[in-house]
Amino acid sequence: MLDQTIPEHDNTPDVVGTVVTLFAAILDTDEEITEDTDFFEAGGNSVLAARALARIRTELGVRLSMREFFAARTAGVLARKAAEKQG
């Protein structure tokens with residue numbers, strides 16, 4: 001399982017904002033999406049997760065696996081993982 005205590009990097013706040021925005025666009029919900037929003041509890045599914053991963057790869061230049069996505073679940077944890085891979 002993914003370590004939920006991934007350290008922050010200098011670019012983490014920007015990446016969190018990007019992932020939150022992507023979650024909101026993909027989930028297309030009236031609910032407020034924050035870094036603590038669980039993608040699946042907010043209505044996401046595996047097809048939407050694949051779309052989110054593709055958008056993350058396009059917008060952030062980071063390749064995350066479906067396994068990492070399912071383990072992370074929230075925008076904040078996923079963003080910290082993406083920031084870590086960006087270096």
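The values are calculated or read from the model by the stated rules, or taken from the named source; none is laboratory data. Since this is a predicted model, take the numbers as computed values, not measurements. Cβ: placed from backbone, ideal geometry, glycine included. Neighbour counts: every protein chain shown.
Out of the residues in region 42-70 that are free of Cβ contacts under 8 Å to residues at least 24 places away in the same chain and closer than 13 Å to residue 24 by Cα, state the one that is surrounded by the most Cβ atoms within 10 Å (Cβ to Cβ).
44
Using the structure shown, decide if residue 73 is surrounded by 12 or more Cβ atoms within 10 Å (Cβ to Cβ), more than 13 Å from residue 17 (Cα to Cα), in contact with a strand residue (DSSP E or B) (Cβ under 7 Å, 6 or more places away or on another chain) and not acidic (Asp, Glu).
yes
When only residues in region 18-41 that are aliphatic (A, V, I, L, M) and closer than 12 Å to residue 79 by Cα count, which is surrounded by the fewest Cβ atoms within 10 Å (Cβ to Cβ)?
20
Applying the selection to region 76-87, what residues are crowded, with 20+ Cβ neighbours inside 10 Å, small (Gly, Ala, Ser) and over 13 Å from residue 17 (Cα atoms)?
none
Among the residues of region 2-14, is any surrounded by 18 or more Cβ atoms within 10 Å (Cβ to Cβ), aliphatic (A, V, I, L, M) and modelled with pLDDT under 95? Working first, answer last.
The initial filter retains those residues of region 2-14 that are surrounded by 18 or more Cβ atoms within 10 Å (Cβ to Cβ), namely 6, 12.
From what is left, the residues that are aliphatic (A, V, I, L, M) are 6.
Next cut, modelled with pLDDT under 95 only: 6.
Yes; the residues of region 2-14 include at least one that is surrounded by 18 or more Cβ atoms within 10 Å (Cβ to Cβ), aliphatic (A, V, I, L, M) and modelled with pLDDT under 95.
Considering only residues that are out of contact with any Lys or Arg (no Cβ under 8 Å at 6 or more places or on another chain), over 11 Å from residue 15 (Cβ atoms) and either of a type in the set (D, E, K, R) or in a helix (DSSP H, G or I) (or both), which ones fall in region 71-82?
Within region 71-82, 71, 73, 77 qualify.
Can you name the residue in region 35-70 that is among the charged types (D, E, K, R) and in a helix (DSSP H, G or I) and is also farthest from residue 19 (Cα to Cα) among such residues? Walk me through it before giving the result.
Restricting attention to region 35-70, the residues satisfying the condition of being among the charged types (D, E, K, R) are 35-36, 38, 41, 51, 55, 57, 59, 63, 67-68.
Checking the rest, the ones that are also in a helix (DSSP H, G or I) come to 51, 55, 57, 59, 67-68.
Values: 51: 12, 55: 9, 57: 11, 59: 9, 67: 17, 68: 14 Å.
Per the criteria, the residue is 67.
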